[in-house]
Amino acid sequence: MRRIQMTVDGRGHIAEVEPRLLLLHHLRENLGIGGVHWGCNTTNCGACTVLMNGESVKSCTVLAVQADGAEITTVRGIMENGLWHPVQQAFHETHGLQCGYCTPGMIMASVSLLKENPEPSEQEIREALEGNLCRCTGYENIVKAVQMAAPYVRRSEPVAAS
Amino acid sequence: MTEAPEKFVGGGVLRKEDPALITGRGNWVDNIRLPGMLHATILRSPYAHAKITSIDVSAAREQPGVAAVFTGKDLLEEWDKNPTANPAAVTGYSLSLAERENGGASVTPTADSTSESPVSEKTHTFCGWMVTEDIKVPDHLPVAVDEVNYAGEPVAVVVATDRYKAQDAVDLIEVDYEPLDVVTNMERAIQDDSPLVHEKLGTNKSYTWELENGNVDEAFNNAEVHVKERYIQQRLIPNAIETRGVVANPDPVSGGYTVYSSTQVPHILKSVLATYCGIPEQRLRVVAPDVGGGFGSKLNVYSEEVIALVLSRKLGLPIKWVEDRSENYLATIHGRDQIQDIELAATREGKILGMKVHLLADMGAYLQLNGPGIPLLGAFMYPGVYTFDAYGFSCTGVFTNKTPTDAYRGAGRPEATYAIERIMDALARETGLDPVEVRRRNFYEPFDEPTTTPAGIQYDSMNMQAALDRVLELADYEGLREEQRRRREANDPVQLGIGFSTYTEICGLAPSQVLAALRAGGAGWEQASVRMLASGKVEVVTGTSPHGQGHVTSWSQIAADALGVSPEDVEVLHGDTATAPWGRDTYGSRSLAVGGVAVHLAAQKVVDKAKKIAAHMLEAAEGDMEFEGGRFSVAGSPEKSVTMPEVAAAAYLANNLPEGMEPGLSEDYFYDPPNFTFPFGAHICVTEVDTETGKARIRDYFAVDDCGPVINPQIVDGQLQGGIAQGVAQALYEEAIYDEDGNLTTGSMVDYLVPGAPELPNYTLERTVTPSPTNAMGVKGVGEAGTIGSPPAVINSVIDALSPFGVTHIDMPASPWRIWQTIQEAQGREAGSREADLSGRPAQTEEGGEA
């Protein structure tokens, strides 16, 4: 067993874990964060996407011990001042989700994309989300959600930076 | 109180389901944690066909954290408990003193039960649709005992304190198998010397089902033109992003159980679990919490659901089982897998005189809930949107050593639509007509009353001409043909293809008498309760159980309009047999046309009663009451009025009600639809095919669909986008492939191409509105329309692009390799060898490189 510490959505957690435990399972089973979903455990579907130190990772492909000392952000931790993140709001407004199971991962991948590329083209959005599978929407409304959110995310950046 | 004069049906109401889902607060089966809960993990057969000669679980049992290990033999008696027996006796913890003296009978005989030996000779099956009287039904045990019949069949179960420990123990179980001959190919399976999947049945043919209308022989004898084609419906893997999962929780007070399952069908599941496990229905509660997609794959009752339930009964503790993705590929049903032989007789002018269809349908190794019935849902739809006189259909269901098949989005109808829409293009080629013209010549004249079809059913309403005219305009058909001509003349390596699909489909399952006539083992009604509460808020209880379709929002809109409240004032309760006891669940695009209509009708009953109370309150005649915008007023005296909430309060205070009226304002409706509904539409797929690489790229996709009046346009567009995407996926990308030993070689998301965002196009969608005369709202359904309409449009566009090369046929999926090979073959060039004719994988050339 290894003792690890990490911050998840702003809260510190210390735990003893087996070295083989996946970050995904640590978040879900040990910390009870049901908002991190999984769909394949093999890095294909992206439902488990979270931010680790600000970068998107698939938490089924990171060992919990590798995240020792890391800052993890899940879909539960991106609201600001009690308001939904613009990406969350845009998914709602464009009907970018149906069953909602891929949604937390899809939202986190989109948040990460807009950090790296604040003004993506449609093709860039589609390529950036290629590691996140959705079986319900056909992606069109997900792409629209990212397009809708982009200017809001851009405008809030200076605020976040100061 | 919210006054809501506006109407919400047809308006832009954002989904009420979203807030929980976009903030990570969904309630999925795998999020359920109960005190003392143990995790079950299943050992699955690596062989497609083998005798189990021995199983040694001793090492697994000794693993830390392991509570129990069961083989199929250990669980045999669990499947033969008598559901009519005393439930407490079935659970095993309340034997009467007399029973104890008799050695503790596990089942208390009752007047209508016979005392059976613990292991009976009954046939165990999950199948609820015995399509013919003489259908062959194999014994289907949740955990195999002597023999396994497909790779992935459960062989043993480990129960442990967590999933890692359970999996560790599974790896220590030692099983000796004696491999048997395998058959994976349907045409091989029906030969006399084929290996038998089930020796006991003596054949691999499960059933043959036939339908004939009109004089088919005469039509074919008299015809000037005959067209005969063979199409392959490749096997597909549904791939809901949430896999299946189940938690079974014993209730020590009632002696019953609560089963949480990621299912589309909590009510059907409850009935089957009760029967299969011998638990009286009234002591079983089934909950479908948030369900992460289904597409038909969760319209079933699976081994793992009964395993979890009986383990919770044996151990007296909550049991969780959650499928991993590789299990999902092996153990959740697959879809399609048919060989379609279709033949048209026509005049030289392209008018159809008759049609013959023969199917081979792969059932896989066992019959699942509706497996044998899936081809029948297509049987009535091969004639499509065309009217003619003679139609013959037959289907043979075949066993192979593969994962069982069952409903996958569209379930029989995408297959039918694909065949008719492909062969219409073949007829166009044969008669020298434009694909648009050959379709027009065979359309029905627009109708809005039930009209008999060549298959002998009655379509409800249709106006194909309007849909086709509009889609031609949207796509600028003439402009596209002009561009195509230019590219052909210029020998452009990227050729343009224009593909059509003019389709109808059958929704609104189903009139109960029709289901009975088709020998389906269940009714087709839907139930709703609408409860106007004393505060003026509303509870709607619905038997349909959504998994992404947005019923909570749409049903709120329906109830809000009927009752004159805001959708925000409406709570929709569903998916729990304790709160929504009656329902036939969600599949077959039935929810709105049956379940939504039930909500509408129950709400009307509430209004009818409220009107009587309002008249009494206003001392007016009931016939003089008007109801508008949530307010009852007296005709001619608008100042005399009461609001719906005031009426609701009066109904529950009950101190000033009309003589003899029951208090309360809550009404139920069981709605059994008098007919199916038939949405229709016209699709045009515009595809660029790179003839040098074989890559097909959908440039534009135009669809004009008609699903009757629309409740929520955004949700309907979403269903069409996602539906078309799944059809495109079948046409271009997906195929489940088995090797000759019965191994699923596309056993993971790495090997099976579920399309991502870069692989799919945007869609140009429009609608026409032709109400259905079948139901009070005129609605038809839309959940599967896109998946049904789109595959032939895509494939017809690929063939159209390649027609200058002489290509007239290509099978799905039209992968780059297959397109390239088709071009080579059409030009008489060496195109490399193809080992299995269903394989979409690159073949090796003699030089070792990829062909």
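The values are calculated or read from the model by the stated rules, or taken from the named source; none is laboratory data. Predicted, not measured: the structure shown is a model, and the values here were computed from it. Heads up, the Cβs are rebuilt from the backbone with ideal geometry, glycines too, and the neighbour counts pull from every protein chain shown.
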Some residue of the range B:770-787 being surrounded by fewer than 24 Cβ atoms within 10 Å (Cβ to Cβ), modelled with pLDDT of 95 or more, touching a Leu at 6+ places or on another chain (Cβ under 9 Å) and not hydrophobic (A, V, I, L, M, F, W, C): no
Any hit, the range B:607-630, residues being within 23 Å of B:VAL779 (Cα to Cα) and touching a helix residue (DSSP H, G or I) at 6+ places or on another chain (Cβ under 8 Å): yes
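To keep it simple, each residue is scored yes or no on (1) in contact with an Asp or Glu (Cβ under 6 Å, 6 or more places away or on another chain); (2) over 14 Å from B:THR23 (Cβ atoms); (3) surrounded by 24 or more Cβ atoms within 10 Å (Cβ to Cβ).
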site: A:LEU31; (1), (2), (3): no, yes, no
site: A:THR43; (1), (2), (3): no, yes, no
site: A:GLY46; (1), (2), (3): no, yes, yes
site: A:LEU51; (1), (2), (3): no, yes, no
site: A:ALA70; (1), (2), (3): no, yes, no
site: A:ILE78; (1), (2), (3): no, no, no
site: A:GLN89; (1), (2), (3): no, no, no
Helices (runs of 4 or more DSSP H) contained in the range B:547-653 and holding at least 1 residues closer than 30 Å to B:VAL272 by Cβ and at pLDDT 95 or above: B:551-563, B:597-618
Condition broken by B:ARG590, with the remaining ones in (1) of a type outside the set (Val, Ile, Thr); (2) in the same structural domain as B:THR774 (by TED's automatic domain parsing); (3) surrounded by 24 or more Cβ atoms within 10 Å (Cβ to Cβ) satisfied: (2)
Near pairs, Cβ below 9 angstrom, 6+ apart or cross-chain, from the range B:272-295 (in contact (Cβ under 8 Å) with a residue 24 or more places away in the chain and within 14 Å of another protein chain (Cβ to nearest Cβ)) to any residue that is assigned to a strand (DSSP E or B) and surrounded by 21 or more Cβ atoms within 10 Å (Cβ to Cβ): B:ALA288/B:TYR260; B:ALA288/B:SER261; B:PRO289/B:TYR260; B:PRO289/B:SER261; B:VAL291/B:SER261; B:PHE295/B:GLY335
Verdict on B:TYR418 being under 30 Å from B:THR184 (Cα atoms) and crowded, with 24+ Cβ neighbours inside 10 Å: yes
Leading residue by the ranking (farthest from the other protein chains (Cβ to nearest Cβ)) among those in the range B:721-753 that are outside any loop (DSSP other than H, G, I, E, B) and not aliphatic (A, V, I, L, M): B:TYR738
Count of residues meeting criterion [part of a strand (DSSP E or B) and closer than 27 Å to A:CYS136 by Cβ] in the range B:238-267: 6
Test: residue in the range B:216-237 that is within 28 Å of the chain's Cα centre (by Cα), within 14 Å of chain A (Cβ to nearest Cβ) and under 30 Å from B:GLU343 (Cα atoms): yes
Extreme residue, farthest from the chain's Cα centre (by Cα), among residues of the range B:471-490 that are acidic (Asp, Glu) and part of a helix (DSSP H, G or I): B:GLU489
Tally, over the range B:365-392, of residues that are in a helix (DSSP H, G or I) and either in contact with a helix residue (DSSP H, G or I) (Cβ under 9 Å, 6 or more places away or on another chain) or free of Cβ contacts under 8 Å to residues at least 12 places away in the same chain (or both): 5
Some residue of the range B:339-347 being assigned to a loop (DSSP other than H, G, I, E, B) and away from chain A (no Cβ under 14 Å): yes
Those residues of the range B:670-684 which are in contact with a Cys (Cβ under 6 Å, 6 or more places away or on another chain) and of a type in the set (Ser, Thr, Tyr), in sequence order: B:THR677
Cβ pairs under 8 Å, 6+ apart, first in the range B:817-830 and at pLDDT 90 or above, second crowded, with 20+ Cβ neighbours inside 10 Å and in a helix (DSSP H, G or I): B:ILE819/B:VAL798; B:ILE819/B:LEU802; B:THR822/B:LEU802; B:ILE823/B:LEU802; B:ALA826/B:LEU802
A:LEU129 vs. criteria within 12 Å of chain B (Cβ to nearest Cβ), modelled with pLDDT under 95 and in contact with a helix residue (DSSP H, G or I) (Cβ under 9 Å, 6 or more places away or on another chain): no
A:ALA90 vs. criteria of a type in the set (Gly, Ala, Ser) and in the same structural domain as A:ASN44 (by TED's automatic domain parsing): no
Condition met for B:ILE307 (in a loop (DSSP other than H, G, I, E, B), over 19 Å from the mean Cα position of the chain (by Cα), under 18 Å from B:TYR260 (Cα atoms) and not aromatic (Phe, Trp, Tyr)): no
Residue count, the range B:699-720 (criterion: among the aliphatic types (A, V, I, L, M) and assigned to a helix (DSSP H, G or I)): 3
Total residues in the range B:211-243, condition among the β-branched types (Val, Ile, Thr) and within 30 Å of A:CYS134 (Cα to Cα): 4
Given (1) crowded, with 24+ Cβ neighbours inside 10 Å; (2) touching a residue at least 40 places away in the same chain (Cβ under 8 Å), index of the condition B:ARG470 fails: (1)
